[in-house]
Amino acid sequence: MLLLLLATAFVTASGARFPNVVERTITLKGEAAVALSALLGLSDSCRTTELPLGKRDAWAVYLLKQDTEEPLSNDNDGAPPRHNWVKYCVDSGPTLTIGPYWLDLGTQLPDRRPGYYAFGSPLIAESDGPDDRWMHLVRQLRLPVDWEKHSPGPFRRCFDASANVEACVAVYWDKEYGDTEHSSGCRIVLLVGRRQRTLRSLLGL
């Protein structure tokens, strides 16, 4: 019974469903690899760095792995933090490799998107937080004049990863509520999929 409750934890009364996590490695090439590595502040040294996952993404990983000594019933019970690793290399052409956790958007409801994968950051406070890769990306995206803080809808930018694959980064403003107060900030979503109109619709284009 507990496993059934865990498996359905992200299904709401309205039928909306948070996507499942899959373990896979995705390698981007071309413009997407160069542009995203620059936003993340990565060099061509082929060193591996980490991107912490947001709270809901980390909980989805727990639902996949079930790797605590005592089963957890929700993400407030001490679910382990998770991260993706990312590596940028230019030895045989620019490549950006990211894994192992991706949300399979083909399993979300009601807006299923088979073949599309994404993951997101923790809430990043409006004031400067830890100088990690997510924060570096936010600072880089603040440079263009076309992103106004707290503007309606997400800021997004897409890049060509190959002839038919596109990688997108979106930033949107959010709040995280606690028992007595809430925190405001932004979240970042990285998304990879085939270049179709539906991909852009995922980001509100």
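Any read-out appearing in this document is the output of simple, stated calculations on the displayed coordinates, not a laboratory observation. Quantities reported herein were computed from a predicted structural model and do not represent experimental measurements. No Cβ is skipped: glycine too gets one built from the backbone with ideal geometry, and neighbour counts run over all protein chains shown.
Annotations
- Qualifying residue in the stretch 43-50 (condition: closer than 28 Å to residue 162 by Cβ and either small (Gly, Ala, Ser) or without any contact (Cβ under 8 Å) to a residue 12 or more places away in the chain (or both)): yes
- Any hit, the stretch 101-116, residues being surrounded by fewer than 15 Cβ atoms within 10 Å (Cβ to Cβ), among the acidic types (Asp, Glu) and under 17 Å from residue 37 (Cα atoms): no
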